[in-house]
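Here is the structure we will look at, set down as structure tokens.
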Amino acid sequence: MKVKPIALISTADDPITKALPKVIALITFVMSLLLLMTLSAAIFLTHLNRDQANELTIQIPASSELAVQRQRVDGLVSVLTAFHSVREVRVLSKSDVIALLQPWLGDQETLADLPLPSVIAVEVSKDQPFQTDVLLQELRSVAADVVLDDHRQWYSSFSLFSGKLLGLLAMLLVAASLSLIGLIAFALKTSLVVHSKTVEVLHLVGASDLFVAKQFSRLVWKLSAVGATVGATAALLVLWLFQWWMGSEESDVYPLLDFSLWYLIPLLVLVFLIVWLSGLVTQRVVSGLIRRQRR
Amino acid sequence: MIEFESVSLRYGNGPLILRDASFHIQPGSFHLLTGVSGAGKSSLLKLIYLASFATSGKVKLFGRDVLSLSPDELALLRRRIGVVFQDFQLLDHLSVRDNVSLPLRVTGKYGDKERDNVAELLAWVGLGQYVDHFPSQLSGGQQQRVAIARAVIARPAILLADEPTGNVDDHMGIRLVDLFEELNRIGTTVIVATHSTTLVSEYNFPTLRLSKGEVTAIPPRKGKIGRRGVKVAAKGKADKGKTNEG
Ligand SMILES: Nc1ncnc2c1ncn2[C@@H]1O[C@H](COP(=O)(O)OP(=O)(O)OP(=O)(O)O)[C@@H](O)[C@H]1O
Ligand SMILES: [Mg+2]
């Protein structure tokens, strides 16, 4: 039977033991926040895609004559129903329009007395190509002042923007990883001086460089596991508190963070990657430093 | 087994510690290394346990020029050399048991059997009750015995002991040299560096004398090799010619 390995590197008086868990906790905290925000943005986008990507809205401004307005709406509806690739046409009721306008125009009673624009919601087929320009032209022949609100256009520019945002977040994650590597390398330089006697003795009793390096990486593994877990947990907690603080009324506007696996699994992977990276960097850096010392 | 060919050694720009030293040490031999304090005994041993390298000349171990070895080969060679350091070189944050087990751990072969061997050896050197103590809780002589246990636990082919009896009473000193002789009997090549006149006068061993950077080989006196007046296993016949001056 093999006996369990012990920590051959002393953890007392070591800059690494004291500082590393804190530093790693901080970096993990920042990386977790970035990751969680990226995830909720991505999840928000997918929902948006599913809900709205195939919808258009058609609007015509209010006219003083109700009968004229209704006639124009009927004209638009017949154009729409005739258009290929349109699957469903729905004229919004007065109360729906009021509900839509309310956030911008204030309370319901005033709105009810005003002449209201008409809104038609259109669902287009996902499978067929759809030419917005052609449709718009046909609609204008019925009502020249028609406004076509293409969610898909808005969506595509939004997704371009969010794509750039995701790129930025990814770059920040890479930057955080690089600073983690730099910090570990820096800490190890000091640590190796502190533990020079241990390193020397290990070498004298026949340890290979790899064996010595592994002693350090095992230590760093443990420390970074603690730090990364603390950092990731803190990030979850902070986002959760933030959401709670933002209140429930607005929470359907903001992407919702929940404790579902969509968030927890990537976060666990992040923690695992940070711990693995710390150990690997340690092994490499210590081997390199020992080799350089020997020369 | 250990060959020095015109070896010189100096630290930095300091004086020559070794000057053109040449000698061969045959496998299975037992040598004393003597010289006044500062003569360079520890420095010479360092060249053998590969903690430093000659300024000029050639050091060969097990037939290989030590300068031709890669770091991994150096590590493998060091495992065949047990060293009792003059300043013990124990790790203060490890227990006595863990200190002694180090040479086994670095080879990756440390299991229950080895663990028992460590306990057994510690009991043998009189430290059975101290396995879980830390070096700082031990006397100088006890620490020295820990260092000796660590040096011999992996059954090295070469045992180098730097002043191994300096901190222990006569009785324990005799016991320790007995241990070295025991190991020597089963084939270990032993070199004991000492300025203890007792060791030199009470025992009859071939000697390397270090003086002003020169190494002189002194053959054993006539009679039995080893502790005087005590019978020592038939070693005498093999002793002649074990030391060749270069
Ligand atoms: N690392 C070093 N750097 C510079 N000089 C050293 C170093 N180690 C030893 N010396 C010098 O080399 C000389 C020989 O030292 P060494 O320790 O080999 O002597 P020694 O025979 O073992 O002495 P002792 O019997 O007191 O242990 C001394 O003059 C010492 O000052
Ligand atoms: Mg010395």
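The values are calculated or read from the model by the stated rules, or taken from the named source; none is laboratory data. Not measured: the values here are computed from a predicted model. A quick note on method: Cβ atoms are made from the backbone with ideal geometry, for glycine too, and the neighbour counts reach across all protein chains shown. Note: areas computed on protein heavy atoms with side chains; ligands, DNA, RNA excluded. Shrake-Rupley method; radii C 1.70, N 1.55, O 1.52, S 1.80 Å.
Suppose we keep only residues that are crowded, with 16+ Cβ neighbours inside 10 Å and part of a helix (DSSP H, G or I) within the stretch B:199-223. Which one would you say is farthest from ligand 1 (Cβ to nearest atom)?
Looking at residues that are crowded, with 16+ Cβ neighbours inside 10 Å and part of a helix (DSSP H, G or I), I get B:E202.
Where residues in the stretch B:41-56 are part of a loop (DSSP other than H, G, I, E, B) and more than 12 Å from every other protein chain (Cβ to nearest Cβ), which of them is most open to solvent (accessible area, probe 1.4 Å)? Can you show your working first?
We begin by selecting, within the stretch B:41-56, every residue part of a loop (DSSP other than H, G, I, E, B); these are B:49-55.
Filter again for more than 12 Å from every other protein chain (Cβ to nearest Cβ), leaving B:54-55.
Working: B:A54: 27, B:T55: 78 Å².
Checked the stretch B:41-56; the qualifying residue most open to solvent (accessible area, probe 1.4 Å) is B:T55.
Can you name every residue in the stretch A:1-27 that is in contact with a Leu (Cβ under 6 Å, 6 or more places away or on another chain) and farther than 16 Å from A:S217 by Cα? First the steps, then the outcome.
Initially, the stretch A:1-27 is screened for residues in contact with a Leu (Cβ under 6 Å, 6 or more places away or on another chain), giving A:9, A:20-21, A:23, A:27.
A:V23, A:I27 - these are the residues of the stretch A:1-27 that are in contact with a Leu (Cβ under 6 Å, 6 or more places away or on another chain) and farther than 16 Å from A:S217 by Cα.
Filter the stretch B:57-97 for residues that are within 16 Å of ligand 2 (Cβ to nearest atom) and in a loop (DSSP other than H, G, I, E, B) and give the result.
Step one: of the stretch B:57-97, the residues within 16 Å of ligand 2 (Cβ to nearest atom) are B:83-89.
The answer is B:F85, B:Q86, B:D87, B:F88, B:Q89.
With A:S32, A:S40, A:S10, A:S64 as the choices, which residue is touching a residue at least 60 places away in the same chain (Cβ under 8 Å) and either acidic (D, E) or outside any helix (DSSP H, G or I) (or both)?
On the way: A:S32 fails: either acidic (D, E) or outside any helix (DSSP H, G or I) (or both); A:S40 fails: either acidic (D, E) or outside any helix (DSSP H, G or I) (or both); A:S64 fails: touching a residue at least 60 places away in the same chain (Cβ under 8 Å).
After ruling out the rest, the residue left standing is A:S10.
Report, by residue number, each residue of the stretch B:32-56 that is away from ligand 2 (no atom under 11 Å from the Cβ) and of a type in the set (S, T, N, Q). So that I can check it myself, show each step before the final result.
In the first step, residues of the stretch B:32-56 are kept if they are away from ligand 2 (no atom under 11 Å from the Cβ); the result is B:32, B:34, B:47-56.
Across the stretch B:32-56, the qualifying residues are B:T34, B:S52, B:T55, B:S56.
Which one of these is open to solvent by less than 50 Å² (accessible area, probe 1.4 Å) and near ligand 1 (Cβ under 8 Å from one of its atoms): B:G38, B:G14, B:G28? Steps first, answer last, please.
Working: B:G38 fails: open to solvent by less than 50 Å² (accessible area, probe 1.4 Å); B:G28 fails: near ligand 1 (Cβ under 8 Å from one of its atoms).
Within the list B:G38, B:G14, B:G28, the selection yields B:G14.
Restricting the search to the stretch B:69-87, which residues are of a type in the set (S, T, Y) and under 13 Å from the mean Cα position of the chain (by Cα)? Before the answer, list the steps.
Taking the stretch B:69-87 first, the residues of a type in the set (S, T, Y) are B:70.
Within the stretch B:69-87, no residue meets the criteria.
Just one of the numbered conditions (1) within 16 Å of ligand 2 (Cβ to nearest atom); (2) in a loop (DSSP other than H, G, I, E, B) is not true of B:G108; which one?
If we test B:G108 against (1) within 16 Å of ligand 2 (Cβ to nearest atom); (2) in a loop (DSSP other than H, G, I, E, B), just (1) comes out false.
So is A:L202 of a type in the set (A, V, I, L, M, F, W, C), within 14 Å of chain B (Cβ to nearest Cβ) and open to solvent by less than 20 Å² (accessible area, probe 1.4 Å) or not?
Working: of a type in the set (A, V, I, L, M, F, W, C): yes; within 14 Å of chain B (Cβ to nearest Cβ): yes; open to solvent by less than 20 Å² (accessible area, probe 1.4 Å): yes.
Taking the combined requirement at face value, the residue satisfies it.
Taking the residues in the stretch B:89-145 that are polar (S, T, N, Q) and more than 10 Å from every other protein chain (Cβ to nearest Cβ) as candidates, determine which candidate is least open to solvent (accessible area, probe 1.4 Å). Full working, then the answer.
In the first step, residues of the stretch B:89-145 are kept if they are polar (S, T, N, Q); the result is B:89, B:95, B:99, B:101, B:107, B:117, B:129, B:136-137, B:139, B:142-144.
Filter again for more than 10 Å from every other protein chain (Cβ to nearest Cβ), leaving B:117, B:129, B:136-137, B:139, B:142-144.
Numbers: B:N117: 67, B:Q129: 157, B:S136: 93, B:Q137: 111, B:S139: 58, B:Q142: 31, B:Q143: 43, B:Q144: 0 Å².
Only one residue tops the list, namely B:Q144.
Answer yes or no as to whether B:L9 is more than 13 Å from every other protein chain (Cβ to nearest Cβ), within 16 Å of ligand 2 (Cβ to nearest atom), open to solvent by less than 60 Å² (accessible area, probe 1.4 Å) and closer than 18 Å to B:A157 by Cβ.
Values: more than 13 Å from every other protein chain (Cβ to nearest Cβ): yes; within 16 Å of ligand 2 (Cβ to nearest atom): yes; open to solvent by less than 60 Å² (accessible area, probe 1.4 Å): yes; closer than 18 Å to B:A157 by Cβ: no.
Answer is no for this residue.
In the stretch B:162-195, how many residues are within 13 Å of ligand 2 (Cβ to nearest atom) and either within 14 Å of chain A (Cβ to nearest Cβ) or open to solvent by 60 Å² or more (accessible area, probe 1.4 Å) (or both)?
Count: 2.
What are the residues in the stretch A:209-229 that are more than 26 Å from A:L33 (Cα to Cα) and out of contact with any Leu (no Cβ under 8 Å at 6 or more places or on another chain), if any?
Our first condition is that a residue be more than 26 Å from A:L33 (Cα to Cα); within the stretch A:209-229, this holds for A:209-219.
Those that are more than 26 Å from A:L33 (Cα to Cα) and out of contact with any Leu (no Cβ under 8 Å at 6 or more places or on another chain): A:D209, A:L210, A:A213, A:K214, A:R218, A:L219.
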